[in-house]
1. Name every residue in segment A:29-50 that is more than 18 Å from residue B:70 (Cα to Cα) and either more than 9 Å from chain B (Cβ to nearest Cβ) or touching a Gly at 6+ places or on another chain (Cβ under 8 Å) (or both), in order of residue number.
2. Between residues in segment A:59-78 that are assigned by TED's automatic domain parsing to the domain that holds residue A:23 and residues that are among the charged types (D, E, K, R) and open to solvent by 60 Å² or more (accessible area, probe 1.4 Å), which pairs lie under 6 Å by C-beta distance while being six or more apart or on different chains?
3. I'd like to check something: does segment B:54-77 contain any residue that is in contact (Cβ under 8 Å) with a residue 12 or more places away in the chain, closer than 29 Å to residue A:150 by Cβ, open to solvent by less than 30 Å² (accessible area, probe 1.4 Å) and hydroxyl-bearing (Ser, Thr, Tyr)?
4. Counting only residues that are in contact (Cβ under 8 Å) with a residue 24 or more places away in the chain, open to solvent by 60 Å² or more (accessible area, probe 1.4 Å) and assigned to a helix (DSSP H, G or I), how many does segment A:164-183 have?
5. Considering each residue of segment B:28-53, count those that are under 26 Å from residue A:177 (Cα atoms), free of Cβ contacts under 8 Å to residues at least 12 places away in the same chain and more than 7 Å from chain A (Cβ to nearest Cβ), and give that number.
6. Which of the helices (runs of 4 or more DSSP H) contained wholly in chain B include at least 2 residues that are touching a Phe, Trp or Tyr at 6+ places or on another chain (Cβ under 9 Å)?
Amino acid sequence: MPNHQIDPNKWIDLYSDYLFNYTITRVNDRDLAKDLVQDTFFAGLKSMKNFKGEASERTWLISILKRKIIDHYRKINSNKGKAEVRMSYSSDENEGDWLEERVADPFDKTAEDSIENTELGSAIHDCLGKLPEKQATVFKMKTILGYETEAICNELDITASNLWVIIHRARTAMADCMEKNWF
Amino acid sequence: MKKRLLFISCEEAQHICDKTQYEEATFWEKTKLNIRLSWCRITRAYSIKNGKLTDIVNNSNVECLKHNEREDIKEQFQNELNNQNHK
């Protein structure tokens with residue numbers, strides 16, 4: 001008996017930001033991250049019949065996204081590898097050296113930081129997902145995207161005092177949620 | 001009269017504290033907030049929690065889609081969804 005239902009009509013509202021944050025921390029390119037998220041939704045739509053309901057929709061979409069990211073790196077690495085070998089190593093005796101010279105240290109300090117940041121980003125998006133839609137939208141625009149108060153008021157057609165009330169409620173709820181899940 | 005100008009309510013202090021997180025509070029507002037912080041435990045607790053939230057969001061490098069980016073994805077996805085429904 002499946003525990004989770006699938007409803008693609010809500011995917012963009014519910015998961016696009018979570019998937020985008022997951023992607024951008026791994027590819028570090030805004031446009032590419034957006035394309036990969038879009039491809040993931042399309043792929044999810046095509047393979048909806050394979051959804052068994054054992055995992056949540058979000059987990060299922062993340063598993064598709066992970067494959068998309070791996071495919072992306074496979075694609076660029078195979079192209080990059082070929083170019084580097086062609087450019088720098090022509091003789092047989094040096095063959096293979098380029099790998100050691102060019103590979104990044106996987107235990108670099110920044111890698112650890114990046115993992116923690118990704119987890120923190122996920123925790124923030126989990127808490128944002130629990131807020132009412134308007135509060136989440138205003139909080140994201142003001143706090144994450146750094147929009148000016150006036151720009152948000154114009155875009156959402158609200159007054160500045162209304163914005164600050166929404167921000168106050170969102171911040172209180174976010175601080176409580178993060179206290180439970182992170183602090 | 002001066003007392004009224006310097007002393008603010010807890011709600012107003014929290015409002016200023018929110019504005020401070022986005023560097024939108026004026027010098028005068030910050031002064032009033034600091035006076036309130038010196039004696040009000042509730043405001044102090046709110047301010048610490050609020051500052052912690054700001055630090056954690058700033059340090060996380062968390063990202064989200066811009067409004068137009070999301071609308072773009074939504075529109076293309078909706079087209080794909082409609083195509084699928086018509087098949």
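1. Taking segment A:29-50 first, the residues more than 18 Å from residue B:70 (Cα to Cα) are A:46-50.
Scanning segment A:29-50 gives A:47, A:49, A:50.
2. Note: pairs meeting the criteria are A:68/A:39; A:69/A:26.
3. Going residue by residue through segment B:54-77, those that are in contact (Cβ under 8 Å) with a residue 12 or more places away in the chain are B:54.
Those left that are additionally closer than 29 Å to residue A:150 by Cβ: B:54.
Filter once more, keeping what is open to solvent by less than 30 Å² (accessible area, probe 1.4 Å): B:54.
Remaining after also requiring hydroxyl-bearing (Ser, Thr, Tyr): B:54.
The answer is yes, given that some residue of segment B:54-77 is in contact (Cβ under 8 Å) with a residue 12 or more places away in the chain, closer than 29 Å to residue A:150 by Cβ, open to solvent by less than 30 Å² (accessible area, probe 1.4 Å) and hydroxyl-bearing (Ser, Thr, Tyr).
4. Taking segment A:164-183 first, the residues in contact (Cβ under 8 Å) with a residue 24 or more places away in the chain are A:166-167, A:169-171, A:173-174, A:177-178, A:181-182.
If we keep only those that are open to solvent by 60 Å² or more (accessible area, probe 1.4 Å) too, we end up with A:169, A:181-182.
If we keep only those that are assigned to a helix (DSSP H, G or I) too, we end up with A:169, A:181.
Residues flagged as in contact (Cβ under 8 Å) with a residue 24 or more places away in the chain, open to solvent by 60 Å² or more (accessible area, probe 1.4 Å) and assigned to a helix (DSSP H, G or I) within segment A:164-183 amount to 2.
5. 4
6. Details: elements: B:2-6, B:10-21, B:27-39, B:41-60, B:67-86.
Of the helices (runs of 4 or more DSSP H) lying wholly inside chain B, those with at least 2 residues that are touching a Phe, Trp or Tyr at 6+ places or on another chain (Cβ under 9 Å) span B:10-21, B:27-39, B:41-60, B:67-86.
The values are calculated or read from the model by the stated rules, or taken from the named source; none is laboratory data. Quick caveat, the model's predicted, so the values are computed rather than measured. Reconstructed Cβ throughout: ideal geometry from the backbone, glycine too, with neighbour counts over all protein chains shown. What goes into the accessible areas is simple: the full protein's heavy atoms, side chains included, and nothing from ligands, DNA or RNA. Shrake-Rupley method; radii C 1.70, N 1.55, O 1.52, S 1.80 Å.
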